[in-house]
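Trainee: Quick one: structure below, then a few questions.
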Amino acid sequence: MNAFDELANNFSRLPGIGKKSAIRMVNWLLKQDSSYVQKFAQNLGHLQERIKPCSVCGTWTESDPCPICSNPLRDSSQICVVEQPQDVSTIEAYGEYKGKYHVLGGLLRPLEGIGPAQLSIQPLINRIKDGSVTEIIIATNPTVEGDTTALYLNKVIMELQLPDSPKVTRLATGIPVGGDLEYIDKRTLALSFRGRSEF
């Protein structure tokens, strides 16, 4: 296998990139200025060194805590719980939500061996226990696993029996069942936030 084939094989392992697309990408890179290709390779090489999960919310960041968690203008009384770091970017893109976030790092999938211990649930509970959080917005995808995770989180939060227990809400319907937050249009997402309902 030569360098061309190796790079095409690497690209084809990326989500949504097939073998033909990978070959087109390598051909495109070969036609570019060498300084661009070197910078591209350098950025790729330093990606995991520079980008880490935020120690508070779990989203990808270069600075810890992330700009959202360290922003005093964000509403600390609301925490939006999402599955993956890219969901934070999706919600931030429409610019309506002004609270904080918490990334679970996945969804409950018992058949695949993913239970509560494999997700960032305990850090969320620790954030709730300080008493400053008045609402938890669960923004997991409307799938069987997303709904199961949302119900589990609601149960765990209610069992805390805090004096000022936060209200637990779920994004309203409007997001199609089986849909993925990353591909939802901004208007649908905005309506879903406005129409969220309590468990």
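Trainee: For the range 32-53, does any single residue satisfy the condition of being open to solvent by less than 30 Å² (accessible area, probe 1.4 Å) and of a type in the set (A, V, I, L, M, F, W, C)?
Mentor: Pass one, the range 32-53, residues open to solvent by less than 30 Å² (accessible area, probe 1.4 Å): none.
No, the range 32-53 contains no residue that is open to solvent by less than 30 Å² (accessible area, probe 1.4 Å) and of a type in the set (A, V, I, L, M, F, W, C).
Trainee: Here's something else I'd like to know. Go through the range 161-186 and report how many residues are in contact (Cβ under 8 Å) with a residue 40 or more places away in the chain and assigned to a helix (DSSP H, G or I).
Mentor: Summing the residues that are in contact (Cβ under 8 Å) with a residue 40 or more places away in the chain and assigned to a helix (DSSP H, G or I) in the range 161-186 gives 3.
Trainee: Applying the selection to the range 101-117, what residues are at negative phi and either polar (S, T, N, Q) or open to solvent by 20 Å² or more (accessible area, probe 1.4 Å) (or both)?
Mentor: First, pick out the residues of the range 101-117 that are at negative phi: 101-104, 107-112, 114-117.
R109, P110, L111, E112, I114, P116, A117, listed by residue number.
Trainee: Of the residues that make up the range 36-52, is at least one of a type outside the set (S, T, Y) and under 29 Å from D185 (Cβ atoms)? Before you say what the answer is, go through the steps one by one.
Mentor: As a first pass, look at the range 36-52 and keep what is of a type outside the set (S, T, Y): 37-52.
Now drop any that are not under 29 Å from D185 (Cβ atoms), which leaves 47, 51.
The answer is yes; a qualifying residue exists.
Trainee: Answer yes if at least one residue in the range 170-180 is under 20 Å from G99 (Cα atoms) and among the acidic types (D, E), and no otherwise.
Mentor: No, there is no match, as no residue in the range 170-180 is under 20 Å from G99 (Cα atoms) and among the acidic types (D, E).
Trainee: Any idea which of V88, V56, V81 is touching a Phe, Trp or Tyr at 6+ places or on another chain (Cβ under 6 Å) and among the β-branched types (V, I, T)? Steps first, please.
Mentor: Numbers: V56 fails: touching a Phe, Trp or Tyr at 6+ places or on another chain (Cβ under 6 Å); V81 fails: touching a Phe, Trp or Tyr at 6+ places or on another chain (Cβ under 6 Å).
When all the criteria are applied, what remains is V88.
Trainee: Working only within the range 83-106, note down all residues that are in contact with a strand residue (DSSP E or B) (Cβ under 7 Å, 6 or more places away or on another chain) and closer than 15 Å to Y152 by Cβ. Quick ask: steps written out before the conclusion?
Mentor: Taking the range 83-106 and keeping what is in contact with a strand residue (DSSP E or B) (Cβ under 7 Å, 6 or more places away or on another chain), we get 84-85, 88, 91, 97-104, 106.
Of everything in the range 83-106, those that are in contact with a strand residue (DSSP E or B) (Cβ under 7 Å, 6 or more places away or on another chain) and closer than 15 Å to Y152 by Cβ turn out to be H102, L104, G106.
Trainee: How do the pairs read when you match residues in the range 144-160 that are within 16 Å of G115 (Cβ to Cβ) with residues anywhere that are open to solvent by 70 Å² or more (accessible area, probe 1.4 Å), using Cβ under 9 Å and keeping only pairs 6 or more apart or on different chains?
Mentor: Pairs found: T148/P110; A150/F199; L151/F199.
Trainee: Further question on the same structure: Report whether or not L153 is part of a helix (DSSP H, G or I), closer than 21 Å to Q122 by Cβ and modelled with pLDDT of 80 or more. Spell out the reasoning first.
Mentor: Values: part of a helix (DSSP H, G or I): yes; closer than 21 Å to Q122 by Cβ: yes; modelled with pLDDT of 80 or more: yes.
So L153 passes the test.
Trainee: To continue, here is another question. Among the listed residues Q78, Q84, Q48, which satisfies the condition of being at pLDDT 95 or above, under 26 Å from the mean Cα position of the chain (by Cα) and over 24 Å from D130 (Cβ atoms)? Quick ask: steps written out before the conclusion?
Mentor: Details: Q78 fails: over 24 Å from D130 (Cβ atoms); Q48 fails: at pLDDT 95 or above.
Just one listed residue meets the conditions, Q84.
Trainee: Report the residue count in the range 79-104 for those that are more than 21 Å from N126 (Cα to Cα), small (G, A, S) and free of Cβ contacts under 8 Å to residues at least 60 places away in the same chain.
Mentor: Result for the range 79-104: 2.
Trainee: Right, here's the next one. Do you know which residues across the range 140-199 are among the polar types (S, T, N, Q), more than 29 Å from L111 (Cα to Cα) and surrounded by 11 or more Cβ atoms within 10 Å (Cβ to Cβ)?
Mentor: S165, T188, S192
Trainee: Kindly evaluate R127 against the criterion of being within 16 Å of V56 (Cα to Cα) and buried (at least 16 other Cβ atoms within 10 Å of the Cβ). Walk me through how you get there before you give the answer.
Mentor: Numbers: within 16 Å of V56 (Cα to Cα): yes; buried (at least 16 other Cβ atoms within 10 Å of the Cβ): yes.
Yes; evaluated as a whole, the condition is true for this residue.
Trainee: Which members of the range 163-196 meet the condition of being farther than 30 Å from N126 by Cα, β-branched (V, I, T) and at pLDDT 75 or above?
Mentor: The answer is I184, T188.
Trainee: Between a residue in the range 12-40 that is small (G, A, S) and any residue that is exposed (fewer than 14 other Cβ atoms within 10 Å of the Cβ) and part of a helix (DSSP H, G or I), which pairs come within a Cβ distance under 6 Å, given they are 6 or more apart or on different chains?
Mentor: From residues that are small (G, A, S), the pairs are S12/K19.
The values are calculated or read from the model by the stated rules, or taken from the named source; none is laboratory data. As the structure is a prediction and not an experimental result, all values here were calculated from the model. Note that we place each Cβ from the backbone using ideal geometry, even for glycine, and neighbour counts take in every protein chain shown. The area values use the complete protein model at the heavy-atom level, side chains included, leaving out ligands, DNA and RNA. Shrake-Rupley method; radii C 1.70, N 1.55, O 1.52, S 1.80 Å.
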